[in-house]
Amino acid sequence: MGFGSTIVDVLRRLVGMSKDTPVVTLDGAPASPAEPELDEDEGDDDDDDDGQPEPTIRDEWDDMQAFVARCEAEAIDLAGIDLDDPETFWSRYYAIEPASSGDGSREDRAKRAGFSDLHHWEWVSQYCQIKWSEFVEDCDPPEIRAKPGFRAAGDRVRGARSRD
C-alpha cells in the first residue's frame, strides 16, 4: 500500500495508536505480546484474533482525513508553510530531514526551521503530505499517492539544493 500505509503508520505512532492490541496480564500489568494460545475449541480458523477485518485502503484514507480534520480543528501552526505552494514544504523538509555532518540534531534543525520542536514538525509534515495526497479508486488495487504537483515540487527543490 506504500505511501498511504506509511503515513497511517506514522500517524498512529504520533497519536499513540498502535496496530497491535495492548496485552495485559491478569494482575493488570502490561505484558509483552506473545503468540496467542489456542483454546481446544478454536482449531485452525483463518479468522483474525479479534474478529475484525483487516483495514482497507479506504479505511486508511479515512484515518488520514480524520487526522487532517483534527489538525485543522486544533488550528495547527504550519510555521510558514503555504499549502498552495508545496515547495515551501519541501524547502523545510530538506532543511530538517537529511542529516548532514555538523548541522545539529533533527530537533535542532526543526527548531531552526521555525517549528517549536520535533513533534511539531512531524505533525505538520504528516498533515502537509496528506493534504497533497489523493485516493485513487480507478486503479487495481486502489491506492493513496502523492499528487503529481507535490512530487514535482520536491524534485525541483531537491535539484536546486544539489546545485547549491
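The values are calculated or read from the model by the stated rules, or taken from the named source; none is laboratory data. Note that the structure is predicted; figures quoted are calculated from it, not measured. We place every Cβ from the backbone using ideal geometry, glycine too, and count neighbours over all the protein chains shown.
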Restricting region 80-98 to residues that are part of a loop (DSSP other than H, G, I, E, B) and under 20 Å from the mean Cα position of the chain (by Cα), the residue that is modelled with the lowest pLDDT | Pro98
Of all the residues that make up region 114-145, how many are outside any helix (DSSP H, G or I) and closer than 13 Å to Ala79 by Cα?
-> 4
Among the candidates Ala75, Ala66, single out the residue that is exposed (fewer than 14 other Cβ atoms within 10 Å of the Cβ) and part of a helix (DSSP H, G or I).
-> Ala66
Quick check: is even one residue across region 124-135 exposed (fewer than 14 other Cβ atoms within 10 Å of the Cβ), of a type outside the set (Ser, Thr, Tyr) and in contact (Cβ under 8 Å) with a residue 40 or more places away in the chain?
-> no
